[in-house]
Amino acid sequence: MVIEVIISRGRSAGTAATIGDTAVKLFGERLHLAPQDVLFVFHEVEPNLPRFPAPTRRETTTDV
């Protein structure tokens with residue numbers, strides 16, 4: 001299982017480790033996954049970016 005985590009730049013390395021450790025524990029308990037079956041990919045973003053960017057508006061066309 002690959003887990004992508006987006007985290008604000010500047011967080012301590014301990015934050016990422018805590019997220020990973022807690023998630024691996026819960027995946028083991030609830031989904032019966034072994035720790036070696038879980039891969040985390042952490043992406044750091046600037047903390048001033050919006051957490052949930054506004055959705056882009058899609059143009060809809062109708063065939064006549």
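The values are calculated or read from the model by the stated rules, or taken from the named source; none is laboratory data. As the structure is a computational prediction, the values presented were derived from the model and not from experiment. Backbone-built Cβ (ideal geometry, glycine too); neighbour counts: all protein chains shown. For the accessible areas, the whole protein counts, side chains as well, though only heavy atoms, and no ligand, DNA or RNA atoms are used. Shrake-Rupley method; radii C 1.70, N 1.55, O 1.52, S 1.80 Å.
Within the range 18-42, track down each residue that is surrounded by fewer than 11 Cβ atoms within 10 Å (Cβ to Cβ) and of a type in the set (A, V, I, L, M). It would help to see each step written out before you state the result.
Restricting attention to the range 18-42, the residues satisfying the condition of being surrounded by fewer than 11 Cβ atoms within 10 Å (Cβ to Cβ) are 22, 29-32, 34, 36, 39, 41.
Passing the criteria: Leu31, Ala34, Leu39, Val41.
Among the residues of the range 1-59, those identified as part of a helix (DSSP H, G or I), aliphatic (A, V, I, L, M) and modelled with pLDDT of 90 or more are Ala16, Ala17, Ile19, Ala23, Val24, Leu26, Leu31. If I filter the range 4-12 for residues that are over 15 Å from the mean Cα position of the chain (by Cα) and open to solvent by 50 Å² or more (accessible area, probe 1.4 Å), do I get at least one hit? Taking every residue of the range 4-12 in turn, at least one turns out to be over 15 Å from the mean Cα position of the chain (by Cα) and open to solvent by 50 Å² or more (accessible area, probe 1.4 Å).
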